[in-house]
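Here's the structure we're looking at; comments come further down.
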Amino acid sequence: MYLLASENSLKIQGFLNILKKKLGLLLCISMCMIALISFTEYGISWDEEYQRKIGLVNYEYIFSDSKELLTFNERDYGVAFELPLILIEKALNLTDSRDIFFMRHLVTHLFFLIGCFFFFLLIDFLYKNKLLAAIGFFLIVLHPRIYGHSFFNSKDIPFLTMFMISMYFTVIAFKKRSVFNFIVLGLCVGLLVNIRIIGIMMFAIILTLLFIDAIVKKELLKQTKLAMIFVLSSAFILYATWPFLWIDPINNFILVLKNMSQFRWDSILLFKGVFIKGTEIDWSYIPVWVSITTPIGYLLLGVLSSILLLFHFFKNPTSILYDSILRHNLTFLFYAFTPVVAVIVLHSVLYDGWRHLFFIYPPFIMLVVFWIDYFKGKIKWASITLLVLFFTHSIFFMVKNHPFQHVYFNQFATFSHPEYIRKHFELDYWG
């Protein structure tokens, strides 16, 4: 009897070990199962037909004699995600618009979940803690707005996804410092820049970190070699996957950069109860939208962690040179806040909430993870308990309001009278 009980105990322990080892994959598969039974319930947004058009024009330029790309108004948009969607559409011989957009929704969401899986791997690699990694995974997928957009937004969600994947391979590359890993990192960042040109920010940061290492470690030759490999692999995949750059590689890339800083959109939007042009928004646009559409618990811990991180840095600035966790988190802090400062300073054209800056959310969540890992005892478990409460609230909202998760507002916006949100902010603006 004792031997039987002992044998059963070993089997259970073995099963739990396998479960723990494959936790990230199991979480991702579970979310895929949910997607497979719900993806047909999401409607088509305003931009989807035009996004498909971008991919289609580039496809026809590559595979037929079409020259439409040369005069196409949106020819300067990268197609690293849109072109594969067209290739899948053609491979499956989809002709009915309903089937086409269902496919696009499913593929966009599955790609998002792949990014979430890499986010899990990133946290597990840095902290060797699968509980922390699972918390980070849920902090991404249980953001109602982002989850809703992950089906129908083939512009900002693929960029957010590729940003998470590139964050993972950045950490791996700087840890292992091998030629192969910097080639992989270069390919990832090249695709990132293709999807949205703002990805060049990560490109610049990686080169800056390599330069710092070359000076501090006195390894100029080695770090220069890695930098060259990174630059060449990034440039290779960027140009190989972007037909617009084939036409005039240098001038067209400069044109893309120029158009990014002078985005062509001047329509009307509703912000804080006033109808204004997208070119006339004030500095508070992004801070307000982020603060009223992100679960408050996530915001609170992220802001506290940012303060904690800066305190450590200013207390001992040189720690960034030998403390890899601090260094990576300061980089995440830069990714999370610099784009916000940049759009304020440059008076960038923004609309439809903060979807253009969704990519700042994963690095912000890495700060939340840093906070939880930093503390022990009561503060640590109080923080986890707080997040679990907000996870529960997010799940309740997402299930109750399915498939309109993208119109989530937190308690900062809903504390007033019922009509406050409708009269002050845009709701289902994606149709």
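The values are calculated or read from the model by the stated rules, or taken from the named source; none is laboratory data. Small disclaimer: the values here were computed from a predicted structure and weren't measured. No Cβ is skipped: glycine too gets one built from the backbone with ideal geometry, and neighbour counts run over all protein chains shown.
Annotation: Ile44 fulfils all but one of (1) of a type in the set (Val, Ile, Thr); (2) modelled with pLDDT under 95; (3) closer than 25 Å to Asn153 by Cβ; (4) exposed (fewer than 14 other Cβ atoms within 10 Å of the Cβ); the unmet one is (4).
Could you list, in sequence order, all residues of the stretch 307-320 that are of a type in the set (A, V, I, L, M) and exposed (fewer than 14 other Cβ atoms within 10 Å of the Cβ)? Answer for the stretch 307-320, where residues must be of a type in the set (A, V, I, L, M) and exposed (fewer than 14 other Cβ atoms within 10 Å of the Cβ): Ile307, Leu310. Residues Trp381, Trp371, Trp354: which one is exposed (fewer than 14 other Cβ atoms within 10 Å of the Cβ) and not small (Gly, Ala, Ser)? Exactly one residue qualifies, and that residue is Trp381.
Take the residues of the stretch 321-349 that are β-branched (Val, Ile, Thr) and modelled with pLDDT of 95 or more: which is surrounded by the most Cβ atoms within 10 Å (Cβ to Cβ)? Here the answer is Thr331. Of the conditions (1) assigned to a loop (DSSP other than H, G, I, E, B); (2) over 21 Å from the mean Cα position of the chain (by Cα), Ile100 clears all except one; give me its number. Here Ile100 meets the rest and fails (1). Mind checking whether some residue in the stretch 84-93 is in a helix (DSSP H, G or I), β-branched (Val, Ile, Thr), in contact (Cβ under 8 Å) with a residue 12 or more places away in the chain and within 20 Å of Ile54 (Cβ to Cβ)? Checking the stretch 84-93: at least one residue is in a helix (DSSP H, G or I), β-branched (Val, Ile, Thr), in contact (Cβ under 8 Å) with a residue 12 or more places away in the chain and within 20 Å of Ile54 (Cβ to Cβ). Of all residues in the stretch 112-159, those being closer than 18 Å to Phe102 by Cα and in contact with a Cys (Cβ under 6 Å, 6 or more places away or on another chain) number 1. Glu60 meets all of the listed conditions (1) modelled with pLDDT under 95; (2) closer than 30 Å to Trp246 by Cβ; (3) part of a helix (DSSP H, G or I) but one, namely (1). Of the residues that make up the stretch 261-273, is at least one under 29 Å from Ile183 (Cβ atoms) and surrounded by fewer than 20 Cβ atoms within 10 Å (Cβ to Cβ)? No, the stretch 261-273 has no match at all.
What number of residues within the stretch 135-178 are assigned to a loop (DSSP other than H, G, I, E, B) and farther than 22 Å from Ile325 by Cα?
Pass one, the stretch 135-178, residues assigned to a loop (DSSP other than H, G, I, E, B): 142-143, 153-155, 177-178.
Those still in the list that are farther than 22 Å from Ile325 by Cα too: 142-143, 153-155.
Residues flagged as assigned to a loop (DSSP other than H, G, I, E, B) and farther than 22 Å from Ile325 by Cα within the stretch 135-178 amount to 5.
Counting the residues of the stretch 63-83 that are out of contact with any helix residue (DSSP H, G or I) (no Cβ under 6 Å at 6 or more places or on another chain) and in a helix (DSSP H, G or I) gives 2.
In this structure, does Leu122 turn out to be surrounded by 24 or more Cβ atoms within 10 Å (Cβ to Cβ) and farther than 29 Å from Leu427 by Cα?
Working: surrounded by 24 or more Cβ atoms within 10 Å (Cβ to Cβ): yes; farther than 29 Å from Leu427 by Cα: yes.
Against the criterion (surrounded by 24 or more Cβ atoms within 10 Å (Cβ to Cβ) and farther than 29 Å from Leu427 by Cα), Leu122 qualifies.
Restricted to the stretch 62-76, and to residues there that are in contact (Cβ under 8 Å) with a residue 60 or more places away in the chain and either buried (at least 21 other Cβ atoms within 10 Å of the Cβ) or of a type in the set (A, V, I, L, M, F, W, C) (or both), the residue that is farthest from Leu110 (Cα to Cα) is Leu70. Ile276 meets all of the listed conditions (1) surrounded by 14 or more Cβ atoms within 10 Å (Cβ to Cβ); (2) under 28 Å from Phe72 (Cβ atoms); (3) free of Cβ contacts under 8 Å to residues at least 24 places away in the same chain but one, namely (2).
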